[in-house]
Amino acid sequence: MNLQQVAEELQPKSMTARDWVFQVIRSAIIRGMLPGNMQLKQDEISAALNVSHIPVREALRQLEAQGLVRIYSNRGAVVTKLSKKEMGDVMDVRILLELGALHAAIASITPQDILRAEQALHSLIASTDYYTSYKYNIELHFALYACCDNPALLSMIDQVHANTDRFLHPYFENERSEEFSSIIEHSKLIRACAEQDAGQAAAILRTHLENTKALLMASPLLG
């Protein structure tokens, strides 16, 4: 288990030890460094991150609450691996959540929000690794949803992204044409939001997420 690279990028700064360990493990799972069904041993994590068992144990419980880890009485913590049925269910929830956030936000979207989304799209296009692409994709969507003024909803969307997007690695690594299609969809979505065309923006977002769902349902990383 090699968590040092992620740990170096995510220095503790002002975070508590638990939150830092949580972010390191969460990032490693999203990147595919800790694949589904991998056992997460507290001793190894503590040694790798140079922390005590307490923040590791707390972080694993937090990851379990987010659906990224499952804790068994006889095996300890294990990275979850979704089945196709579970992925379909989670993506259906994601579509409802993101459409709801967009609906609540679009009338209040500002030029600054659009600018942030456009900057995230430009960075997304220029990104050269999966995790960087993931982060800019999140930034783009959240720039458009920010005005929904519902932190709980945005937190749920972030959680669902983490649970689903980690299964998209094969498509990025193989440079599939779907990546280019996604960029076009994002560009159209930003334009519709800039025009505050709620109907068009919702239709574009739904198509984009349905296309993402189709890719995820075919991911070789599913259980």
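Can you say whether Ile190 is in contact (Cβ under 8 Å) with a residue 12 or more places away in the chain and more than 27 Å from Val69 (Cα to Cα), as far as the supplied structure shows? Yes; evaluated as a whole, the condition is true for this residue.
If you go through the stretch 13-44 and keep only what is farther than 22 Å from Ser83 by Cβ and of a type in the set (D, E, K, R), you end up with Lys13, Arg18, Asp19, Lys41, Asp43, Glu44. Evaluate the following for Phe167: is it closer than 19 Å to Ala214 by Cα and not in a helix (DSSP H, G or I)? Yes: the conditions hold for Phe167. Scanning the stretch 138-166 for residues that are of a type outside the set (A, V, I, L, M, F, W, C) and free of Cβ contacts under 8 Å to residues at least 40 places away in the same chain turns up Glu139, Pro151, Ser155, Asp158.
A quick yes/no check of all residues on (1) under 24 Å from Leu222 (Cα atoms); (2) of a type in the set (Asp, Glu); (3) under 15 Å from the mean Cα position of the chain (by Cα):
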site	(1), (2), (3)
Asp92	yes, yes, no
Leu96	yes, no, no
Thr110	no, no, no
Thr132	yes, no, yes
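Given the residues Ile71, Ile29, which is the only one that is in contact with a strand residue (DSSP E or B) (Cβ under 7 Å, 6 or more places away or on another chain), in contact (Cβ under 8 Å) with a residue 60 or more places away in the chain and not assigned by TED's automatic domain parsing to the domain that holds Asp149? Result: Ile29 is the single residue among Ile71, Ile29 that is in contact with a strand residue (DSSP E or B) (Cβ under 7 Å, 6 or more places away or on another chain), in contact (Cβ under 8 Å) with a residue 60 or more places away in the chain and not assigned by TED's automatic domain parsing to the domain that holds Asp149. Residues considered: Ile95, Ile125, Ile114. Of these, the only one that is in the same structural domain as Asp158 (by TED's automatic domain parsing), in contact with an Asp or Glu (Cβ under 8 Å, 6 or more places away or on another chain), not hydroxyl-bearing (Ser, Thr, Tyr) and not in a loop (DSSP other than H, G, I, E, B) is Ile95.
The values are calculated or read from the model by the stated rules, or taken from the named source; none is laboratory data. From a predicted model like this one, the values you see are computed outputs, not experimental measurements. So basically every Cβ, Gly included, is an ideal-geometry build from the backbone, and we count neighbours across all protein chains shown.
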